1. For segment 260-293, give me each residue that is in a loop (DSSP other than H, G, I, E, B) and of a type outside the set (Lys, Arg).
2. Quick check on Val120: is it hydrophobic (A, V, I, L, M, F, W, C) and crowded, with 19+ Cβ neighbours inside 10 Å?
3. Starting from segment 219-247, keep only residues that are among the charged types (D, E, K, R), then list their pairs with residues that are more than 16 Å from ligand 1 (Cβ to nearest atom) and open to solvent by less than 50 Å² (accessible area, probe 1.4 Å) whose Cβ atoms are within a distance under 6 Å, requiring at least 6 positions of separation or different chains.
4. Of everything in segment 294-311, what is assigned to a helix (DSSP H, G or I) and surrounded by 22 or more Cβ atoms within 10 Å (Cβ to Cβ)? Give them in sequence order.
5. Could you list, in sequence order, the residues of segment 259-287 that are closer than 19 Å to Pro248 by Cβ, touching a residue at least 40 places away in the same chain (Cβ under 8 Å) and open to solvent by less than 40 Å² (accessible area, probe 1.4 Å)?
6. Going residue by residue through segment 56-65, is there one that turns out to be within 17 Å of the chain's Cα centre (by Cα), away from ligand 2 (no atom under 16 Å from the Cβ), modelled with pLDDT of 95 or more and crowded, with 19+ Cβ neighbours inside 10 Å?
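The values are calculated or read from the model by the stated rules, or taken from the named source; none is laboratory data. The shown structure was predicted, so the numbers you read here are calculated from the model rather than taken from an experiment. Neighbour counts run over all protein chains shown; Cβ positions are idealised from the backbone, glycine included. For accessibility, only protein heavy atoms count, side chains too; no ligands or nucleic acids. Shrake-Rupley method; radii C 1.70, N 1.55, O 1.52, S 1.80 Å.
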Amino acid sequence: MRSEIGNDILKSVEILNRGGIVAIPTETVYGLASNGLDATAVAKIFEAKNRPFFDPLILHIAHSDALNQIVTNVPQKAKILMDHFWPGPLTFVLPKSDLVPDLVTSGHSTVAVRMPNHPVALELLSKLPFPLAAPSANPFGYVSPTNAQHVQDQLGHKIDYILDGGSCCVGIESTIISFENEPTILRLGGITQKEIEHIIGPVSVSLNGHSNPKAPGQLDQHYSPHCKLKVLNYEELQTNSTILFYSPESEIKYWKLNPEINCNTVYLTPKNDSIEAAANLFSILRDFDKKGLSQVFIELAKNEGLGLAINDRLNRAMANRD
Ligand code: TXA
Ligand code: MG
């Protein structure tokens, strides 16, 4: 039977209090949540997602006070960033307390924490005596969900309830910054490197952990639709090929350089705006699968600002698919 989609926060509280799993809205993507301090409840998330145990989860909190329970130290620079960007799409990797089960952190001595900027998530969290462990609510390796229907389409029969909070306004996952040593960005996401550096000065970036991936978002292939994505190149286009252009503006430039063939075109951002592009990205990739397309040519975003995080997702969605 398919899980119910609804707006019932108290029902979600009741399910989570008894160790169940609930899909929750956040500003980035929908999460698949359970009691982050209860290893049995957390194990249900791994099972529903078919997620490997080497892949640690993020704990979500509604108040900074809740940090004391789960981390042992918050460096000054991390604190400054939290004051600036929380609630919001920035996740901190910090030394974990003994209360956090090893299953949450995959045995690492650090735990990832964030405060989501979504009224429904914050209200739910404020009614719970524990943080919520929540990875994105998609089967492992597939595109992250950005509305409640996406969750039901993919995981509908495996979870206790889907709490609806509308469409996610950011649309790509949080940026992850580790304070295990010097501040290091492990995953590009909703907050850009520039925004972070504007507040605390230079940070390192380490996105590819090939031998021992710290984040699955670091795996070469991730966020993949079933449809094969290829970088747009004129030679391979045929009549009726589908092209995902960044914006109508970039489509015009492209056809000026290349004679016209009759292709189907889709735009990541009709308004040529990187925030809109990020918000649309995963929905559009899902639509390719819904339409049963086997191949789509894509134009990458400009490598700057949010475009870097968008291209990171697109490159991983394209990897190892030849
Ligand atoms: O925006 C988001 O972050 C969403 C929403 C639901 O909050 N969540 C999300 O979770 O994207 P997930 O599980 O799909 O990605 C979490 C990432 C993983 O790549 C995981 O490896 C990394 O966080 N992570 C968790 N704990 C870590 C740790 N101790 N050290 C390094 N990376 C960690
Ligand atoms: Mg994910």
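1. Glu260, Ile261, Asn262, Cys263, Leu268, Thr269, Pro270, Asn272, Asp273, Gly292, Leu293
2. No: the conditions fail for Val120.
3. Correct list of pairs: Lys230/Phe297.
4. Leu306, Ala309, Ile310
5. Across segment 259-287, the qualifying residues are Leu268, Ala278, Ala279, Leu281, Ser283, Ile284.
6. yes
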